[in-house]
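Heads up, the thing below is written out as structure tokens.
The values are calculated or read from the model by the stated rules, or taken from the named source; none is laboratory data. The shown structure was predicted, so the numbers you read here are calculated from the model rather than taken from an experiment. Every residue, glycine among them, receives a Cβ derived from its backbone with ideal geometry; neighbour counts consider all protein chains shown. These accessible areas exclude ligands, DNA and RNA; they are computed on the full protein's heavy atoms, side chains included. Shrake-Rupley method; radii C 1.70, N 1.55, O 1.52, S 1.80 Å.
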Amino acid sequence: MQDFVKILGLKHRREVAGKSAIFSGEHFVLEETDWYLLNLFRLWWHYGISFLRLQMWVEEVMEKFMRIYKYQAHGYAFSSLEELLRSLGGEAFVNMTQRSVAESLLEVGVTQRFVDDVIAAVLRSSYGQSVLVPAFAGAMSLAGAQGSTWAVEGGNKLVCSGLLKLTKANVISARVTGISLHSSEGRALYQVHYESTEGQGSAFYDMVVVTTPLHPSRSNFTFENFDPPIADFPGAFQPSVTSVVHGYLNSSYFGFPDPKLFPFTSILTTDTPDLFFHAMDNICPVNISAAFRRKQPQEAAVWRVLSQQPLDKQQLKTLFRSYYSVQVTEWPAYPRYDAAKALPPIVLHENLFYLSGVEWVASSMEMIAVAAKNVALLAYNRWHQDLEKIDQKDLMHKVKTEL
């Protein structure tokens, strides 16, 4: 994603300082301050050296994950998610998609209390799920929570629209309804069927990349003439609801009767049955001027509330003293990680590839970008029969010798 921003000449959005806290439903179990050393002391006082063990574990995973950028820079690709993971971290990385993040962290010495308070809060905020999500997805989420995330000035959507314009692709505004297999001079040819406002249509392609999730709750098109047939993959998606509320925060609910004294701009929550939301934060515009400042806590501000179900009026009244408007977006944002164990394939047919299966390893913009480049390299290498660039072992040694 960083490379895309540079290529397109975009800029990172200016960060606006703000403090976070973790809410249990009754009180804050952990509060961030303006002083770094005091934050470290509080973490140590409550959880011992668990936060250090967590940081070491995440850094080890991310250091190995970063190898993918070197591999791809040299044109290497992988025909399955398992092979990609093995090239980065051996069987340990594959196993991290099959065991929970809680189990992995407890194994390296992180305390149960730290898992219940901090890890659960981060995963509820990012995936809307519990500490039972797979360890690899959990590591990616926890890496992002350590302050390395960023946004694009003008909105992250500028990356997508900019790349589409840069490629000069011929965009057909239509909904794909199916893909059928044909043969031409002994090679596979794929007919993509679609519907648009102008009616039904189709086109033939040598290669096709499927980006929509192929799962029963999301897939709405068919594959024809494939032997063996291509069916939906097991698994489901986690419903996610984002409510953007312009109003006055009810700080009393969080233990601050005087709203002027409320210090937090981001509130995470523990996995408590009575809590009806996962997280909420005071959001900033996509364009931030030098003169921009956050609203004072007693002023009306724009808050983003993440939950699994739409908030009813009583729940909104619990979080806000009053509000001007509420905009609600509900969609299946992430895989439900406890719903399936096997990873989907990348290669569906000879030159028919599947991109979205990587979400079952970990779901983020960066993971999708990495998977997209892998599919592009894989398709290129297969088309040109450059098999030495596919599923190679001991790539770290190969890359070093090529340098």
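Screening the stretch 66-94 for residues that are without any contact (Cβ under 8 Å) to a residue 60 or more places away in the chain and farther than 16 Å from HIS397 by Cα and picking the one that is most open to solvent (accessible area, probe 1.4 Å) gives GLU91. No other residue among LEU132, LEU123, LEU106, LEU166 is among the hydrophobic types (A, V, I, L, M, F, W, C), out of contact with any Asp or Glu (no Cβ under 8 Å at 6 or more places or on another chain), touching a residue at least 12 places away in the same chain (Cβ under 8 Å) and surrounded by fewer than 20 Cβ atoms within 10 Å (Cβ to Cβ) apart from LEU166. Taking the stretch 199-292 and the strands (runs of 3 or more DSSP E) fully enclosed by it, the elements with 1 or more residues that are modelled with pLDDT of 95 or more and open to solvent by less than 20 Å² (accessible area, probe 1.4 Å) are at 208-210, 237-249, 264-269, 279-282.
Contact list please: Cβ distance under 6 Å, first residue in the stretch 174-188 and free of Cβ contacts under 8 Å to residues at least 40 places away in the same chain, second residue among the aromatic types (Phe, Trp, Tyr), pairs at least six apart or on different chains. Close Cβ pairs satisfying both conditions: ALA174/TYR194.
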